[in-house]
1. Of the numbered conditions (1) under 22 Å from residue 375 (Cα atoms); (2) of a type in the set (Phe, Trp, Tyr); (3) assigned to a loop (DSSP other than H, G, I, E, B), residue 490 satisfies every one except a single condition; which is it?
2. With the checklist (1) open to solvent by 10 Å² or more (accessible area, probe 1.4 Å); (2) under 19 Å from the mean Cα position of the chain (by Cα); (3) in contact (Cβ under 8 Å) with a residue 60 or more places away in the chain in hand, flag the one item residue 523 doesn't pass.
3. From (1) at pLDDT 95 or above; (2) acidic (Asp, Glu); (3) open to solvent by 20 Å² or more (accessible area, probe 1.4 Å), pick out the condition that doesn't hold for residue 219.
4. Having 1 or more residues that are basic (Lys, Arg) and surrounded by 22 or more Cβ atoms within 10 Å (Cβ to Cβ) is the bar; report the helices (runs of 4 or more DSSP H) wholly within the range 41-140 that clear it.
5. Quick one: how many residues across the range 830-867 are of a type in the set (D, E, K, R) and under 30 Å from residue 820 (Cα atoms)?
6. Checking residue 177 against (1) open to solvent by 10 Å² or more (accessible area, probe 1.4 Å); (2) in a strand (DSSP E or B); (3) under 30 Å from residue 417 (Cβ atoms); (4) not β-branched (Val, Ile, Thr), which test does it fail?
7. Tally time: how many residues in the range 356-365 are in contact (Cβ under 8 Å) with a residue 12 or more places away in the chain and surrounded by fewer than 19 Cβ atoms within 10 Å (Cβ to Cβ)?
8. Residue 390 - would you say it is basic (Lys, Arg) and touching a residue at least 24 places away in the same chain (Cβ under 8 Å)?
Amino acid sequence: MLEKNFNPGSFEKNFSFEMEASLRKPNAEPFMVLLPPPNVTGSLHMGHSLCYTIQDIIVRYKRLKGYDVLFQPGLDHAGIVTQLLVEKHLYASGVKKGSLTRESLLKEIWLYKDNSGNTILEQMKTLGISCDFSRLRFTMDEEGKKAVTRMFVKLFESNLLYRGRRMINWDPLIGSAISDLEVIEKEVDGTLWYIKYMFADSPGHITVATARPETVFGDAAVAVNPGDERYAHLIGKEVTVPLTNRKVRIIPDAYADPQKGTGAVKITPAHDFNDCEVGLRHKLPFIEILNSKGELNENVPELFRKTDRFEAREKVVQLLEKKGLLDGSEKIKQKIPFGDRSGVPLEPRITYQWFVDTEKLAGPAIKAVREGKIKFIPKHWENLYFEWLKNIRPWCISRQIWWGHRIPAWYGPDGQLFVAENQKEAATKAAGFYGRNNVELIQDEDVLDTWFSSGIWPYGVLGWPENTPELERFYSKMLIVTGFDIIFFWVARMVMMSLYCMKEVPFPEVYIHGLVRDEKGQKMSKSKGNVMNPMDLCEKYGADAVRYTLASLSSPGRDIKMTDQSVEVGRNFLTKFWNIVRFSQMHGCAYNKEFNPDRITDPFSKWIICRVKEMVIEIEKSMADYRIDEMTNHLYHCVWDSFCDWYAEFVKPILRQPSGFSPEEQRSASSEHILLKKDIRDTTAWAIVQFIKVLYPISPFIAKKLGGEMKVLEMSWPEVSNINADFGEAVKETEFLKNLISSVRSVKQYLRVSPGEKISVIPEIIDSYAGNLISKHEEILSEMAGILIEKDATRIAIGSSIPVVVKGVIIHMNFGDKIEADKEKIRLKNEILKLEKNRDQVNARLMNEDFLRNADEKVILEHKNRIEEIKEKIERINYVLQGLDIV
């Protein structure tokens, strides 16, 4: 017998799912879920929990349906994040900055990975995520290195990967290039300074507005719009760059906007993306004035060398003012690019970097989605995918750090480049090029962007470049579940690289989930103090409750609001589950594997069998579209509403009677009663087992526990297609009783009469079907509706009672002195006024165009449902008022 109280902490830690996760079904249809590999530095947050729970529910469902499932886990080496973290720890322990060698730092990072890198994996197991951890991959393991190196060489040899000198985003704190996708635009307070550029050959000046006065030392021109009449006569004239003796020309270029600043702009080609384009158009010199740390370099006056860029800005402004070259300033709001990892303002720099020619790879990736070979769920997310790929620029894949896949390229004595999978191959190529052996080669110092190794994940984890059985079996049979924020970073790059390498889409479907927000709909962040820790929630409510809550709130692409109260709802539902198993145990309901629903004769049992069958069919429809929120909703209503609220109450009187199985009881009980009770016991146990099987993908720990209690040795998906009996009459009979009981309860509720207080009633029979059912189930109606059915019609004056109309019968309810009719009329009319006011408020929102334009689709639907609820309540109250008018 189960313990009385549901305590998930007493059993959740006892279950492990690693064995079932590693089982293969070689003759079954393959299905794979590719886990987005979390950072090796990471801890589980609510976003992870949502993503992994969705994946795990789908995986467990597919396993129960008989698929050969591979749920592939992995860890990402997270180059920049991990190196920054380990360096921070080392510096805090007393290690001097700059004292670390490449080898010593890599050794420390590997130690960190081995000692702390599995934290998130253990947390995933706590949440019940059933990956095949025996196949765990790391983006920098030996297989990963082999695949990454092969892919790099393959792209290089196809002229899709190259080294070039061009402008990139540079992070001065990290000392590395970063890709465009790793840039965060932030609006900040800034200053616009107006600087005088003196004419070189005559008195006077032209005033230029700039937010970056420290870059004057890199100026190569001043640009004005060719259509700006104010400056037409100055085009071609030379000016002197402030604080220098250099002379530059005033040039015409449409980039200069007459409506911004003074209409004249300084052009610094080496330190601004737009200025770079202007510089190329006019063949201007590119003067680099910043080093890798964001300090001014040797190309500036000695006073400013080795000065931090922001400190230099202050010095430049002071000196300009001192020399009378400052023509004023104003406070502005400006958008500044920041590094997503370092959090510092970035600098455009021209450096040698490695690039992937993604413009050539984007076409097939766009075509694959256009032709329906890859489907986004929800579909609208493909628009974001298309927008990015259509405007894609070359992908800068080199990073100036040490932790990561080192670029497989070597340089000869004269700088000649050799790309190869290893140094031995590079040496062979060098020998052929130089015509001699033992050429001294130096490997490129840079490492690859972390997302390069993640981009080949769909086939890299399956053994590529070897043609493994797993690669043949699971490639293109997988599902991707991820957040919209990495559609660019991960999804698009996987599609591009997979199509190029494998000539086939890596996955047919991409499920995009929303964000987990707080109760106010705000994004969770440490600075706001609204972060919910999933491990704390698991400790407090149980992992199953957390999983159930995430599943019930999640619909594809929609953000969810997570609160402690929502997790409590999940825990309460699981408590109800716990209690129905106790209910079955208390009444001797044992699961019979040979149970045949078609032979059951009890109408209530037939009804619940029908409801369970409908639930399973509806869930299968929902899961075809990965609607796990609908799955939980169908299960909830079938368990709570159909089974607990109705079926259990219908059959309790029979289950509470003596068992009828002892010799003494069998002598005194009819064989019909014995069979009826056995049918109910068998049906009760059967229904509960089906519920447990459906619950298993959502909340596996309690499902395992309760399955063991019900003697379910192996989980499988409920099989209902073989239930062929016609249960129409039983359903009709049960629904009649439900309708009658609900109608009576509703009147009692609105008149504030206790549900358990018995009210005398007279049934006015309209057709014999209803009359027969009332006679047949008088005891159940009396108990569940709280009524006393009078046999003598003269006991109740029909004209002074409240009628309740149900198909085939009018139930006349005599409340007597239990209510004061006149007071109840006033109260109920006031209640209608309140409801109408609330209805009008909700309607006003639905008529508001701004609300409809900005509100979430789910919120709009909730408002529409609220209108229907209010309408139904008003109808019910008016019905009761009509009855009170008769009294």
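1. It is condition (3) that residue 490 fails.
2. With respect to (1) open to solvent by 10 Å² or more (accessible area, probe 1.4 Å); (2) under 19 Å from the mean Cα position of the chain (by Cα); (3) in contact (Cβ under 8 Å) with a residue 60 or more places away in the chain, residue 523 is out only on (3).
3. (3)
4. Numbers: elements: 46-64, 79-92, 102-116, 119-126.
In the range 41-140, 46-64 are the helices (runs of 4 or more DSSP H) which contain 1 or more residues that are basic (Lys, Arg) and surrounded by 22 or more Cβ atoms within 10 Å (Cβ to Cβ).
5. Going through the range 830-867 one residue at a time, the tally reaches 5.
6. Tallying (1) open to solvent by 10 Å² or more (accessible area, probe 1.4 Å); (2) in a strand (DSSP E or B); (3) under 30 Å from residue 417 (Cβ atoms); (4) not β-branched (Val, Ile, Thr), residue 177 fails exactly one: (1).
7. Step one: filter the range 356-365 for residues in contact (Cβ under 8 Å) with a residue 12 or more places away in the chain, giving 356-362, 364-365.
Going one step further and asking which of them are surrounded by fewer than 19 Cβ atoms within 10 Å (Cβ to Cβ), we end up with 357, 359-360, 364.
Adding up the residues that qualify gives 4.
8. Values: basic (Lys, Arg): yes; touching a residue at least 24 places away in the same chain (Cβ under 8 Å): yes.
Yes: the conditions hold for residue 390.
The values are calculated or read from the model by the stated rules, or taken from the named source; none is laboratory data. Being a predicted model, the structure only gives us computed values, none of them experimental. Cβ: placed from backbone, ideal geometry, glycine included. Neighbour counts: every protein chain shown. Remember, those area values only see protein heavy atoms, side chains included, never the ligands or the DNA or RNA. Shrake-Rupley method; radii C 1.70, N 1.55, O 1.52, S 1.80 Å.
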